[in-house]
Amino acid sequence: MFEDKVAVVTGGARGIGKAIAEEFQKAGAKVCVIDLLSNDYFVGDLSDKAVLEAFAAQVIADHGHVDFLVNNALPLMRGIDQCSYEDFEYALRVGVTAPFYLTKLFLPHFAPGGAIVNISSSRDRMSQPQTESYTAAKGGISSLTHALAVSLAGRVRVNSISPGWIDTDYAVYEGPDAIQQPAGRVGNPMDIANMVLYLCSDKAGFITGENICIDGGMTRQMIYHNDFGWTLEVSAP
């Protein structure tokens with residue numbers, strides 16, 4: 001389905017990004033990964049403008065065009081108690097600025113039928129304590145998605161995915177961890193990779209500006225103390 005297509009995947013050396021890159025390769029695409037971790041294509045820090053420019057230049061020099069851009073790289077997670085100004089700024093550079101700038105750099109080179117998929121998080125709509133830098137970055141990329149979809153109308157489709165609990169080691173959970181989720185299990189990277197490839201395919205040709213939350217139904221579940229079997233146990237301070 002993706003024979004000779006060019007797919008760019010940020011943060012593609014491990015976890016969800018690695019699964020996405022591998023699935024594109026299996027489908028016949030040429031995959032260009034950028035990650036801080038060792039990989040077969042490009043090692044670099046997405047927070048650095050010069051690195052983004054060098055990476056984009058290499059992709060175009062090697063392939064001449066881009067079909068798909070998957071902005072997956074993981075922002076730093078720090079909470080308000082420990083997160084410095086520099087930490088917060090770094091999280092936004094990786095999680096929002098880099099996807100924007102890579103889109104801008106690749107825009108003249110997108111082939112017809114091109115697609116962008118941004119990996120957000122269910123934290124773009126719900127939070128745990130002490131997650132401000134990560135949550136702000138994920139909220140930002142969700143909003144960036146629909147802004148780009150409108151600006152790039154007729155040129156590139158732009159969508160985002162908001163994963164919930166995804167175990168990147170493919171561990172199988174039983175008991176409360178699984179049962180609490182309406183889908184009955186914890187997610188794994190293939191749950192996200194399958195949707196990425198769908199959104200990049202012609203089958204999704206009428207979908208743009210959309211965010212798809214893949215979280216086993218957790219964000220749709222109302223939870224109140226002593227209601228439907230849910231109980232909150234408060235620890236002593």
(message) Which entries of 5/138; 49/104; 5/26; 5/30 have Cα-Cα distances beyond 18 Å here?
(response) 5/138
(request) On a 0 to 90° scale, report how tilted helix 189-200 is relative to the longest principal axis of the chain, with both axes built from alpha carbons and the result rounded to the nearest 10. (result) 40 degrees
(message) Using the Karplus curve 6.51 cos²θ - 1.76 cosθ + 1.60 with θ = phi - 60°, what ³J(HN,Hα) values do you get for each residue of the range 134-147, in whole Hz, with x for Gly and Pro?
(response) 5, 5, 5, 5, 6, x, x, 6, 5, 6, 4, 4, 6, 5
(request) Kindly express, to the nearest 10 degrees and within the range 0 to 90, the angle between helix 15-26's C-alpha long axis and the longest C-alpha principal axis of the chain. (result) 40 degrees
(message) Could you compute the longest span of the chain free of GluC sites (Glu not before Pro) located in DSSP loops and having at most 12 other Cβ atoms within 10 Å, not counting the site residues?
(response) 4-173
(request) Find the centroid of the Cα atoms in the range 1-71 and in the range 143-213, then give the distance between the two in whole Å. (result) 18 Å
(message) Just want the ordering: 219, 208, from fewest to most Cβ atoms lying within 10 Å of their own Cβ.
(response) 219, 208
(request) Treating only the Cβ atoms of Lys and Arg (+1) and Asp and Glu (-1) as charged, compute the dipole magnitude of the chain about its Cα centre; round to the nearest 20 debye. (result) 640 debye
(message) Under the rule of at least 5 residues apart or a separate chain, name every residue whose amide H is placed under 5 Å from the amide H of residue 188.
(response) 167
(request) Compute the distribution of all C-alpha to C-alpha distances in the range 1-147, in bins of 5 Å from 0, and list the percent of pairs in each, rounded to whole numbers. (result) 2, 10, 20, 22, 21, 13, 7, 4, 1, 0
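Contact order normalised by length for the chain, with contacts defined as Cα pairs under 8 Å and 6 or more residues apart; what percent is it?
On the way: 455 pairs, mean separation 43.4, N = 237.
It rounds to 18 percent for the chain.
Read-outs throughout are calculated quantities, based only on the coordinates presented, and are distinct from any laboratory measurement. Note that this is a predicted model, so its numbers are computed, not measured. Using ideal geometry, Cβ is built from the backbone for each residue, glycine included, and neighbour counts are taken over all protein chains shown.
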